[in-house]
Amino acid sequence: MREFPPILQAKNLTKTYGENVIFKNISLDVYKGETIVIIGPSGTGKSTLLRCLNLLTPVDSGQIFLEGEEITAPSVNQDQVRQKIGMVFQNFLLFNHLTALGNVMVGLTKVKKMPHNQAKEKALQELERVGLADRAHHYPAQLSGGQQQRVAIARALAMDPLVMLFDEPTSALDPELIGEVLGVMEQLAHEHMTMLVVTHEMGFAREVADRIIFMEKGRIVEEGTPEDLFERPQQARTREFLGRISELYGKREKG
Amino acid sequence: MVIQFFTYILQGTSVTLAVTLVALPLGLILGLAFALLYNYGGLWVSRLAAVYSLAMRGVPPVALLFVLYFLLSGRLVNLSPFWAGSISLGIISSAYQMEILRGALQAVGESQMIAARAIGMSRFQAIRYIILPQAIRLAIPPWSNEASIVLKDSSLVYALGVPEILRRAQQLSATTQQPFLAFGAAALIYFILVFLANRGLDLLAEKTKLPNAAA
Amino acid sequence: MKTIIRFLAFLVLISLPLSGCREAPQSRLERIKQAGVIKVGTSADYPPFEYVDESGNKVGFDIELMEEIGKRLGVKVEWVDMPFDSLIAGVQEGKIDCSISAFNYTEERDKVVDFSDPYYTAEDAFLVAETFTGTITQPEDVAQYKVGVQSGTTQDDWLTNVLKMPEQNLFRYDRADQAALDLKSGRIEVMMADAIPAKALAQKIGGLKIVYTGVLSSGPMNIVLPEGDTELAAAINDILKQLKQEGFIDQLAQKYLTE
């Protein structure tokens with residue numbers, strides 16, 4: 001059922017900051033249409049891994065392939081690669097001087113050189129998709145955190161990416177605002193958007209993920225389906241982490 | 001007599017305005033270029049920009065005026081006193097405007113750059129469409145201050161024989177021995193000019209201000 | 001970005017006419033006559049030699065003298081008003097053709113510019129407030145008082161280098177009238193200046209008197225000319241000679257320098 005090659009493939013990625021090893025020899029295949037959730041304790045290199053995957057941060061060694069083409073090769077135009085990989089950040093990072101509509105449009109008009117009217121139409125569609133068409137003319141400062149994050153998702157979606165990376169998209173949100181963002185992400189998963197999500201939301205991981213990867217101390221400890229990981233974890237570290245996390249986040253999980 | 005007096009000094013206003021209107025935009029262009037080089041130019045370029053800023057803020061404006069007009073002009077290029085003076089003041093102002101813009105660029109923050117790069121913008125596009133529009137908004141209030149300073153510093157071109165407001169006041173003060181009247185008239189004109197410039201920039205800041213409260 | 005480039009291009013364009021005219025080997029005097037204009041530098045804040053009247057016209061002893069010299073050269077005088085300190089540099093670097101601004105000969109100035117024959121001999125004066133109680137019978141006596149002087153003048157030079165005034169007692173001013181006002185208000189006790197402008201100042205400001213006059217610092221006044229330009233110097237010296245013989249200069253002195 002998996003199309004080959006993987007849409008996004010990482011081979012033996014290693015990243016260090018000086019003495020500090022962030023992650024080592026990480027390999028990862030992401031197939032078209034699947035949702036992968038990366039879980040693990042804070043500071044285990046999950047966010048850095050996402051930034052490396054869309055070339056915002058260079059890796060020390062290893063290769064990354066997008067649709068079978070190596071994007072870590074020196075001759076590659078990194079700006080073009082990033083257009084094809086959407087990224088959603090923990091702190092939304094909307095462009096403060098642009099309205100919601102402007103935020104979604106700017107990549108279309110300036111990067112894709114799309115005519116203004118066409119870009120506007122497309123941007124409105126994307127805002128509609130995240131349920132914010134009525135907030136199109138609001139500035140980021142006039143939107144709630146959850147709304148800002150949904151605009152950020154629309155901004156990334158507008159570029160028609162091959163894969164979407166989510167870096168703890170709900171960690172900066174007040175609890176009552178988390179649901180609307182997860183809802184949008186869930187809907188995307190159902191539309192078979194290819195997604196790689198770093199999150200602590202175990203409910204989301206359990207219900208939406210096709211595969212879950214447990215990372216700790218810069219290594220992939222275990223990976224498998226939600227059932228495998230939640231019901232029959234093979235590694236003691238995985239069990240321990242899941243135990244702790246469900247104590248912390250358990251109350252918020254959906255049935 | 002007072003009317004004549006005032007009229008004579010007022011005639012210097014066009015010189016003052018012309019010098020300011022050359023020096024200020026020139027300083028803005030150079031200052032912006034150096035601020036961008038400082039923030040995004042890599043280690044060595046950034047150091048060079050910092051040295052430029054330090055040197056140009058350190059040099060007395062009159063000294064640069066003299067170097068440009070008496071030493072360089074006529075050898076490298078032929079500049080009239082007006083242009084030599086205006087360009088010198090523009091260069092000096094560029095160092096201050098660079099500091100203003102550098103601070104504004106830094107205040108916008110690296111994360112806006114990362115977000116722009118993440119949707120496939122080049123560094124140049126990110127600076128042009130995302131960073132600068134925000135930085136310039138932040139820079140307007142301190143820039144308004146710099147505009148007043150350049151307006152007043154424009155009197156220095158008199159050292160090259162361009163008779164602006166202050167020089168005319170000096171002349172009348174020497175002739176009539178009424179320094180309070182002469183310099184008072186000059187001060188009044190400067191006050192009006194600075195007031196108008198600041199009001200204009202305040203309006204611009206107000207117009208470009210981003211809403212910051214939930215609607 | 002495009003607009004920035006356009007603006008730069010605009011700046012270059014409008015500055016083009018200012019550059020590029022390399023001059024053919026032609027003497028300064030020929031060039032002046034051909035252009036019909038002589039550029040003369042002065043610092044028009046030194047009545048009665050050079051100043052502006054209330055409608056802004058340049059007037060004074062030097063101004064009228066130079067206008068007459070221009071007339072006899074067959075050219076118009078284009079006045080360039082500069083601070084006194086810029087004038088020598090202006091002549092030296094060829095920004096102005098010559099300068100008339102109550103200049104006295106000094107060796108230092110002679111190193112970088114030339115001087116015309118003298119057109120007038122100036123005396124120095126010591127000016128004090130009417131309430132002054134000290135005694136100045138010979139010039140050296142001023143060394144014990146707080147003395148004000150216009151910076152860069154021959155009086156400044158005399159006080160500094162001939163009298164060797166203690167620096168803490170020597171106050172230098174940009175303009176003579178500033179010193180006179182300070183003299184009146186008691187911030188300084190003595191002011192040294194050219195005798196004729198000193199008299200004028202004393203009269204204008206009031207409450208001041210002259211306690212000593214004599215030729216100390218300066219002596220003759222000369223027009224400052226470009227170093228080594230004997231042709232221009234000869235032309236101007238000829239005219240000065242005529243003007244002296246015709247009594248024109250005495251008339252000017254009568255008009256401006258006696259009260």
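A few notes on this one:
- Among residues of region A:153-211, those that are under 13 Å from the mean Cα position of the chain (by Cα), assigned to a helix (DSSP H, G or I) and of a type in the set (D, E), counted: 1
- The set of residues from region B:176-215 being without any contact (Cβ under 8 Å) to a residue 12 or more places away in the chain, closer than 30 Å to A:T99 by Cα and in a loop (DSSP other than H, G, I, E, B) comprises B:P211, B:N212, B:A213, B:A214, B:A215.
- Check on C:K95, closer than 25 Å to C:V224 by Cα, out of contact with any Gly (no Cβ under 6 Å at 6 or more places or on another chain), modelled with pLDDT of 90 or more and assigned to a loop (DSSP other than H, G, I, E, B): yes
- The sole residue among A:E223, A:E201 that is within 20 Å of A:G45 (Cα to Cα), crowded, with 19+ Cβ neighbours inside 10 Å and modelled with pLDDT under 95 is A:E201.
- Number of residues in region A:111-134 that are more than 27 Å from A:T48 (Cα to Cα) and open to solvent by less than 70 Å² (accessible area, probe 1.4 Å) equals 10.
- Of the residues making up region C:42-69, those that are facing chain B (nearest Cβ under 9 Å) and open to solvent by less than 10 Å² (accessible area, probe 1.4 Å) are C:A44, C:V52.
- Filter result for B:L138 (over 30 Å from C:E50 (Cα atoms), open to solvent by 40 Å² or more (accessible area, probe 1.4 Å) and within 11 Å of chain A (Cβ to nearest Cβ)): yes
- Scanning region A:1-31 for residues that are farther than 30 Å from A:S246 by Cα, at pLDDT 90 or above and out of contact with any strand residue (DSSP E or B) (no Cβ under 8 Å at 6 or more places or on another chain) turns up just one, A:Y17.
- For region B:53-81, taking the residues that are polar (S, T, N, Q) and outside any helix (DSSP H, G or I), the one that is most open to solvent (accessible area, probe 1.4 Å) is identified as B:N78.
- Helices (runs of 4 or more DSSP H) wholly inside region C:172-259 containing at least 3 residues that are more than 17 Å from C:D117 (Cα to Cα) and modelled with pLDDT of 90 or more: C:176-185
- Condition met for C:D110 (modelled with pLDDT under 90 and either among the basic types (K, R) or surrounded by fewer than 17 Cβ atoms within 10 Å (Cβ to Cβ) (or both)): no
- Of B:Q125, B:Q177, B:Q112, all but one fail to be within 12 Å of another protein chain (Cβ to nearest Cβ) and at positive phi; the exception is B:Q177.
- Residues satisfying the stated conditions in region A:85-110, i.e. open to solvent by 20 Å² or more (accessible area, probe 1.4 Å), touching a residue at least 40 places away in the same chain (Cβ under 8 Å) and within 8 Å of chain B (Cβ to nearest Cβ): A:N91, A:L93, A:N96
- If you check B:G120, B:G90 for being touching a helix residue (DSSP H, G or I) at 6+ places or on another chain (Cβ under 8 Å), farther than 20 Å from A:D79 by Cβ and surrounded by 21 or more Cβ atoms within 10 Å (Cβ to Cβ), only one passes: B:G90.
- In summary, B:Q97 fulfils each of the numbered conditions (1) away from chain A (no Cβ under 14 Å); (2) surrounded by fewer than 24 Cβ atoms within 10 Å (Cβ to Cβ) with the single exception of condition (2).
- Count of region C:200-247 residues which are under 30 Å from C:T137 (Cα atoms) and without any contact (Cβ under 8 Å) to a residue 40 or more places away in the chain: 3
- Close pairs (6 angstrom Cβ cut-off, 6 or more residues apart or separate chains): within 14 Å of chain B (Cβ to nearest Cβ) in region C:179-191, of a type in the set (S, T, Y) anywhere: C:A179/C:Y173
- Of the criteria (1) modelled with pLDDT of 90 or more; (2) more than 9 Å from every other protein chain (Cβ to nearest Cβ); (3) touching a strand residue (DSSP E or B) at 6+ places or on another chain (Cβ under 8 Å), which one C:R72 fails: (3)
- Any hit, region B:189-197, residues being touching a Gly at 6+ places or on another chain (Cβ under 9 Å) and away from chain C (no Cβ under 14 Å): yes
- Some residue of region A:212-222 being within 15 Å of the chain's Cα centre (by Cα) and under 30 Å from A:K122 (Cα atoms): no
- If you go through region C:125-171 and keep only what is in a loop (DSSP other than H, G, I, E, B) and more than 29 Å from C:A89 (Cα to Cα), you end up with C:E130, C:T131, C:F132, C:T133, C:G134, C:T135, C:I136, C:T137, C:Q138, C:Y145, C:K146.
- Taken together, the residues in region A:10-36 that are out of contact with any Ser or Thr (no Cβ under 8 Å at 6 or more places or on another chain) and surrounded by fewer than 19 Cβ atoms within 10 Å (Cβ to Cβ) amount to 7.
- Scanning region B:8-34 for residues that are over 13 Å from the mean Cα position of the chain (by Cα) and either at the interface with chain C (Cβ under 8 Å from one of its Cβ atoms) or not β-branched (V, I, T) (or both) returns B:Y8, B:L10, B:Q11, B:G12, B:S14, B:A33, B:F34.
- Selection count where residues are under 28 Å from B:Y158 (Cβ atoms) and touching a Lys or Arg at 6+ places or on another chain (Cβ under 9 Å), scope region B:35-58: 1
- Among (1) within 12 Å of chain B (Cβ to nearest Cβ); (2) part of a helix (DSSP H, G or I); (3) open to solvent by less than 10 Å² (accessible area, probe 1.4 Å), the one test that A:L49 misses: (1)
The values are calculated or read from the model by the stated rules, or taken from the named source; none is laboratory data. These numbers were taken from a predicted model, which means no experiment stands behind them. With ideal geometry, Cβ positions are generated from the backbone for all residues, glycine too; neighbour counts draw on all protein chains shown. SASA here: full protein model, heavy atoms, side chains in, ligands and nucleic acids out. Shrake-Rupley method; radii C 1.70, N 1.55, O 1.52, S 1.80 Å.
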